[in-house]
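Following: one structure in C-alpha cells, then a few remarks.
Values in this text are rule-based calculations from the coordinates and carry no lab data. Predicted, not measured: the structure shown is a model, and the values here were computed from it. Note: ideal-geometry Cβ built from the backbone for every residue, glycine included; neighbour counts use all protein chains shown.
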C-alpha cells in the first residue's frame, strides 16, 4: 500500500493517523445488533486491517452493543504502538439499526469508563460524542468529555452526527478533533459538513455500509469510471472518498475477507482530476 500517496490527517498536534480507518460497526450481527455470524473471521479481519497498515480502528459502545469493542480488544490487545482506537458514547442501541441518544453527562462518564474496560485501555486517544441529545445542551455533554480529558481518560474529543451550526457550538466549548457521519458517493446529504471540515481542517471520518455489491446505473459517472479502470463500482466509490477532500477519512469495514481485500485494492486506484469532478457532479 502506498500510504505516502494516501497521506495522513492530524487528530492533534501530537497525533496523526493514515487517512483510512477500519469501521467497527460491521463487526456485529444484522442491524448492528448482537455478534457477527463468525467471530473468528471478524477477529481475522481486524488483524488484517492492522497488518495492511491501517492505524485507526473506529468503534462505539452501541455497536452490538459492546460486541465490537470486545472483539477489537480480543483481536488486537496488546495493541501495536501505532494503532489508535477510537470509540464513542452517547447512543443506546435499540436493534435493527435504531438508536436513542443519551448524552447526559453522567451517562457519558459511565459509558467512557465501560469502554475503557472492554478495550483494555487506560486512556483513549479519540473519544467521540455519538449524537447530540435534543434533551441535553451539547455544552453540558461536551463539558463531561472535557472533564474526562482532564482526568486523563481521553486525549481528544470528536463529535458525530452534527451539522455545521452545531459544530460551531461544539468548537466554542473545546477543540474538536474529528467529525464523523455517514457519507459516500451516493449519500451526499453531508456535503456541507465535509466542506465545513475542509475549511477548518478537521478530519471527517466517513462511515458507510459495506457496498461491495454496489451496482452502478448504466451510463452513470460511477459506471463509466469503473469501466475505465476495469474495477467494481464499489471500489471507485471508495477511491472517490479519498479524492473528495484531504480531510476525509474513509472507514471501510466488513467481516467478509474477500470484500475487505477489494477495499484494500480500491485504495490503490488513482482517479484523475477530471474523473473526480465527473463523479462529484453526478455518480
Discussion item. Using only DSSP helix segments of four residues or longer, with each worth -39500 (n - 2.57), what per-residue ellipticity at 222 nm results for the chain after dividing by its residue count and rounding to 500?
Written reply: -12000 deg cm²/dmol
Worksheet item: What percent of all Cα-Cα pairs in region 24-102 falls in each 10 Å bin, counting up from 0?
Response: 20, 52, 25, 4
Worksheet entry | Ranked by how many other beta carbons lie within 10 Å on average, peptides 54-63, 87-96, 11-20 from highest | 54-63, 87-96, 11-20
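Scale the Cα Rg of region 1-133 by the rule-of-thumb value 2.2 N^0.38 Å and send over the ratio, two decimals. Let's see the in-between values first.
Details: Rg = 14.7 Å, N = 133, 2.2 N^0.38 = 14.1 Å.
Here the answer is 1.04, to two decimals.
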Worksheet item: From the square roots a ≥ b ≥ c of the eigenvalues of the alpha-carbon gyration tensor of region 231-270, which class results: rounded (a/c under 1.5), prolate (a/b over b/c), or oblate?
Response: oblate
Worksheet, complete the sentence: Share of Cα-Cα pairs in region 201-262 beyond 16 Å, whole percent, is 48
Item to complete: With a Förster radius of 30 Å, plug the Cβ-Cβ distance of residue 200 and residue 40 into 1/(1 + (r/R0)^6) and report the FRET value to the nearest 0.05.
Response: 0.10
Worksheet entry | For region 89-161, Kirkwood radius (reciprocal of mean inverse C-alpha pair distance, Å) | 12.2
Worksheet item: Among 272-279, 221-228, what's the highest-first ranking by average C-beta atoms within 10 angstrom per residue?
Response: 221-228, 272-279
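Expressed in nm to one decimal, what extension gain is obtained for the pair residue 77 and residue 175 from 0.36 nm per residue of sequence separation less their Cα-Cα distance?
Details: separation 98, 0.36 × 98 = 35.28 nm, distance 2.91 nm.
Gain on stretching residue 77 to residue 175: 32.4 nm.
How much of the calculated P(r) for region 176-283 lies past 20 Å, in percent of all Cα pairs?
Numbers: 2088 of 5778 pairs.
Roughly 36 percent, once rounded to a whole number.
Using per-residue counts of other Cβ atoms within 10 Å, averaged over each peptide, order 27-38, 123-134, 197-208 from highest down.
123-134, 197-208, 27-38
Shape verdict for region 55-208, please, from the Cα gyration tensor: rounded (a/c under 1.5), prolate (a/b greater than b/c) or oblate. Working shown, then result.
Details: a/c = 1.37, a/b = 1.24, b/c = 1.10.
Judged from the Cα gyration tensor, region 55-208 comes out rounded (a/c under 1.5).
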Worksheet item: Given the C-alpha centroids of region 168-187 and region 39-57, what is the distance between them in whole angstrom?
Response: 25
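Figure the gain on full extension for residue 110 and residue 191 (residue separation times 0.36 nm, minus the Cα-Cα span) and round it to one decimal in nm. Could the numbers behind the result be given before it?
Values: separation 81, 0.36 × 81 = 29.16 nm, distance 3.34 nm.
Full extension of this stretch gives 25.8 nm more.
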Worksheet item: Can you list, bin by bin at 10 Å, the percent of alpha carbon pairs in the chain, starting at 0?
Response: 7, 30, 37, 21, 5, 0
